[in-house]
Amino acid sequence: MKNNDLRTFLELSIEDGFSVIIFENNLDQIILKNKQTNRSFIQFHFCLKGQADFIFNEGNYSFSVHESNSILLYNPKKILPINLNLFPNSWVVSIIISIKKFHSLFSKDADHIHFLSSENIEKKYYDNNVISPSMSVVLNQIFNLNIHKSMESLYLKGKVYELMSLYFNKNEESMFDQCPFLVDEENVRKIRMAKEIILNNISEPPGLVELSERIGLNIKKLKEGFKQIYGDTVYGYLLDYKMNEARRMLSSRNFNVNEVGLKIGYSTSSHFIAAFKKKYGTTPKKYLMSLS
């Protein structure tokens, strides 16, 4: 599946009561997308790029989801149709799954999933989370789906299962619950600011000293906090992001290997090729050939 400036909505059915929806807006204006659903479905919405506003209650309430964030929506007593304002240059991947199907995935571990426990199963549940680097890799694989039609459902099912396992990872959740650093919202805000700074300066990111000064947090707390929130070091996270961007640009077929390397901050194509091969086990050129 290749990027297309006019693509705004693509729904891929995995099986009955289980689908993936890709929202993409590469235009310079906000677009509105709607999809009807019913009370038996759980919605996961992951914003890979830009911003999306979800509109509820006939426009009286909205919830904004920004880049690298997600929301989970479930209300067994009220229909939650998808009314989405997708901002320019924004991408969202949504997973829509019936509660029956979802419960079967976690039947042996339902107590770990808060809203699946017997006392909560009939209660509404909303949640928002940061997309971890490992989740981002899977989401980009779904977004840039490139596989024969006959294998599409099987591939997507495997990727969604992988995504769900990462989303509900016990170790990550307990880490967030127990970490005193993350209780301080100001610290979290500064760490997220650090992420935005490095992503906005992908070609020439600031060093740790400059980055810590710009966000007003010492280097030790910057390093520890970044690892706790995003599961990787500052520059480990940046490298993953750069490689994902490289693969996305290659998949679009709008850039050659040299152009991609320059856009993500490599002064020579040989350095870019080496980094790409280390990450994905193949060269950018061979990756491009595999898309044919």
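Among the residues of region 28-49, the ones that are of a type in the set (D, E, K, R) and closer than 26 Å to LYS242 by Cα come to 2 in all.
Here ASP240 meets each of (1) farther than 26 Å from LYS190 by Cα; (2) touching a residue at least 12 places away in the same chain (Cβ under 8 Å) with one exception, condition (1). Taken across region 281-290, residues that are β-branched (Val, Ile, Thr) and surrounded by fewer than 18 Cβ atoms within 10 Å (Cβ to Cβ) do occur, with at least one present. Taking the conditions (1) assigned to a loop (DSSP other than H, G, I, E, B); (2) more than 23 Å from SER90 (Cβ to Cβ) in turn, GLU210 satisfies each one other than (1). Count of region 21-42 residues, restricted to those that are more than 14 Å from the chain's Cα centre (by Cα) and either within 20 Å of ILE131 (Cα to Cα) or outside any loop (DSSP other than H, G, I, E, B) (or both), is 8. Of all residues in region 247-262, those that are in a helix (DSSP H, G or I) and either at pLDDT below 90 or of a type in the set (Phe, Trp, Tyr) (or both) total 6.
Does region 31-41 contain at least one residue that is surrounded by fewer than 20 Cβ atoms within 10 Å (Cβ to Cβ), of a type in the set (Gly, Ala, Ser) and farther than 24 Å from PHE168 by Cα? No, there is no match, as no residue in region 31-41 is surrounded by fewer than 20 Cβ atoms within 10 Å (Cβ to Cβ), of a type in the set (Gly, Ala, Ser) and farther than 24 Å from PHE168 by Cα.
When region 133-160 is limited to residues that are free of Cβ contacts under 8 Å to residues at least 40 places away in the same chain and of a type in the set (A, V, I, L, M), the one that is farthest from SER68 (Cα to Cα) turns out to be MET151. Reported count of residues in region 76-100, each being within 19 Å of GLY17 (Cα to Cα) and at pLDDT 85 or above, is 9.
The values are calculated or read from the model by the stated rules, or taken from the named source; none is laboratory data. Values in this document were obtained by computation on a predicted structure and should not be read as measured data. Please note: Cβ atoms are built from the backbone with ideal geometry, for glycine as well, and neighbour counts cover all protein chains shown.
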